[in-house]
């Protein structure tokens, strides 16, 4: 399924920003980035940083997820989103952490030339979740030299019920379940938190419920470890 690039007068920010009074122009600058996982027990799958033109999106809150976004949000694979980004002339930095980004860990990108692309999008799956992802949607890159800090929210792709069960093979799109718990610190034999997802659009993730029963209960996640609230990541961007 080809991704449909969506134009909209309303641009939903996937972050709460600490920035005011900035001046923007059509030409983006060279940037350096420090990205930090702020969670206590959630890993991020390979990150994708995309610089693209105004009016294009890899995801938008309140819209249905593309097949490529669903693949990333349910299984962590970013290849499809990279292909979409390339098709719209975007510049990408894929998997800078070379794998999972652990809770509390950071990764840096030095001197990234974004060319004529003016908007920044960031995505990565949250593990262990069913279809949760950290996201930044089409944030306008400042051209005024300086350092800017943004906090990023966790989103739900709306493509899968959040049953909170860790099941083999569930990383494939449309297969219910959580593909893995990288920390190995959850439970097993859960009965499932829910079997349906009422909101089929991309939306703010409500977090996970978990339980404290390692041998059963409703969830395979430990509520003392895996529960989280937004924001889930911090992005520090230095415009050179």
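Please treat every number below as a calculation from the coordinates, not as lab data. Please read these numbers as outputs of a predicted model, since none were measured by experiment. All Cβ positions, even for glycine, are placed from backbone atoms using ideal geometry, and neighbour counts span all protein chains on display.
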Notebook entry, point to check: What span do the alpha-carbon atoms of segment 96-182 cover on each of the three principal axes, reported in whole Å from largest to smallest?
Noted result: 47, 24, 21
Check: Counting alpha carbon pairs within less than 8 Å and at least 6 residues apart, what relative contact order, in whole percent, applies to the chain?
Finding: 27 percent
Checklist line | Protection-proxy order for peptides 228-240, 192-204, each taking the mean of Cβ atoms within 10 Å per residue, highest first | finding: 228-240, 192-204
Note to self: 7 Å from Cα along Cα→Cβ at both residue 203 and residue 54: what's the point-to-point distance in nm?
What the structure shows: 3.1 nm
Check: Add -39500 (n - 2.57) for each DSSP H run of 4 or more in the chain, then divide by its residues: what number comes out at 222 nm, to the nearest 500 deg cm²/dmol?
Finding: -2000 deg cm²/dmol
Notebook entry, point to check: How large are Rg and Dmax for the chain when only the alpha carbon atoms are used, in Å?
Noted result: 17.5, 56
Notebook entry, point to check: How far is the Cα center of segment 40-61 from the Cα center of segment 142-183, in Å?
Noted result: 10 Å
Notebook entry, point to check: What translational D, rounded to a whole number of µm²/s, comes out for segment 15-157 from Stokes-Einstein when the hydrodynamic radius is the Kirkwood one over Cα pairs, at 20 °C and 1.002 mPa s?
Noted result: 140 µm²/s
